[in-house]
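Undergrad: Quick one: the structure is below, and I'll ask about it shortly.
The values are calculated or read from the model by the stated rules, or taken from the named source; none is laboratory data. Since the model is a prediction, treat every value here as computed from it, not as a measurement. Please note: Cβ atoms are built from the backbone with ideal geometry, for glycine as well, and neighbour counts cover all protein chains shown. Accessible surface areas use protein heavy atoms only, side chains included; no ligands, DNA or RNA. Shrake-Rupley method; radii C 1.70, N 1.55, O 1.52, S 1.80 Å.
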Amino acid sequence: MGKRFLISAMAALTISSTLNAAEFNLKENMYKLNNYMMQMQAGFIEGDKAKSLKAAEALGEESNKLLGDEAIMRNMLPANKAHKTRIASTSAHLINDNVEIIKSSMDNVRRDTAQNAYLDIQRACMRCHNLVRDW
């Protein structure tokens, strides 16, 4: 009886640790994506195209890794939110589409197009957060 209890307790602890690690990774990755957004905005404000482009490219890559894979998102979200993984993958596609717009619009003539794409990325982020978090 004691062995079964110990084995059950260890299994529960392992599952709990795994869930906490997934939640921590999701939060950590969201901070990383937010940091890229702040860097991109700073680049726009400072007139530093290279900074904005570098941040946009990193944002596109990281958001696709995190949000673009529904299986990964399903494992990272709490069980009662796992059915909302498609929202995250849709957001990843919107982010990537707008990153491409930014990359192709960084000349001085179409700078406002790049900045509007940045705002569209913000809207995609907020939409996902509002729908997934039920805020």
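Undergrad: Within the stretch 29-49, can one find any residue that is among the aromatic types (Phe, Trp, Tyr), open to solvent by 70 Å² or more (accessible area, probe 1.4 Å), out of contact with any strand residue (DSSP E or B) (no Cβ under 9 Å at 6 or more places or on another chain) and assigned to a helix (DSSP H, G or I)?
TA: Yes, the stretch 29-49 contains at least one residue that is among the aromatic types (Phe, Trp, Tyr), open to solvent by 70 Å² or more (accessible area, probe 1.4 Å), out of contact with any strand residue (DSSP E or B) (no Cβ under 9 Å at 6 or more places or on another chain) and assigned to a helix (DSSP H, G or I).
Undergrad: Moving on to the next point. Taking the stretch 61-98, which residues are over 15 Å from His129 (Cα atoms) and in contact (Cβ under 8 Å) with a residue 40 or more places away in the chain?
TA: Asn75
Undergrad: Would it be correct to say that Asp112 is assigned to a loop (DSSP other than H, G, I, E, B) and either surrounded by fewer than 16 Cβ atoms within 10 Å (Cβ to Cβ) or modelled with pLDDT under 95 (or both)?
TA: no
Undergrad: Which of the residues that make up the stretch 54-69 are open to solvent by less than 50 Å² (accessible area, probe 1.4 Å) and assigned to a helix (DSSP H, G or I)?
TA: Residues satisfying the conditions are Ala55, Ala56, Ala58, Leu59, Gly60, Glu62, Ser63, Leu66, Leu67.
Undergrad: Within the group Leu77, Leu94, which residue is open to solvent by 60 Å² or more (accessible area, probe 1.4 Å) and not polar (S, T, N, Q)?
TA: Leu94
Undergrad: Of all residues in the stretch 107-131, which are in contact (Cβ under 8 Å) with a residue 24 or more places away in the chain and either closer than 11 Å to Gln41 by Cα or aliphatic (A, V, I, L, M) (or both)?
TA: Listed by number, the residues that qualify are Ala114, Gln115, Tyr118, Ile121, Gln122, Ala124, Leu131.
Undergrad: Restricting to the stretch 41-71, name every residue that is farther than 21 Å from Lys84 by Cα, among the aliphatic types (A, V, I, L, M) and out of contact with any Leu (no Cβ under 7 Å at 6 or more places or on another chain).
TA: Once the filter is applied, which keeps residues that are farther than 21 Å from Lys84 by Cα, among the aliphatic types (A, V, I, L, M) and out of contact with any Leu (no Cβ under 7 Å at 6 or more places or on another chain), the stretch 41-71 yields Ala42, Ile45, Ala50, Leu53, Ala55, Ala56, Ala58.
Undergrad: Applying the selection to the stretch 97-109, what residues are exposed (fewer than 15 other Cβ atoms within 10 Å of the Cβ) and outside any helix (DSSP H, G or I)?
TA: Answer for the stretch 97-109, where residues must be exposed (fewer than 15 other Cβ atoms within 10 Å of the Cβ) and outside any helix (DSSP H, G or I): Asp107, Asn108, Val109.
Undergrad: It is to be established whether one or more residues within the stretch 115-132 are open to solvent by 20 Å² or more (accessible area, probe 1.4 Å) and small (Gly, Ala, Ser).
TA: No; the residues of the stretch 115-132 include none that is open to solvent by 20 Å² or more (accessible area, probe 1.4 Å) and small (Gly, Ala, Ser).
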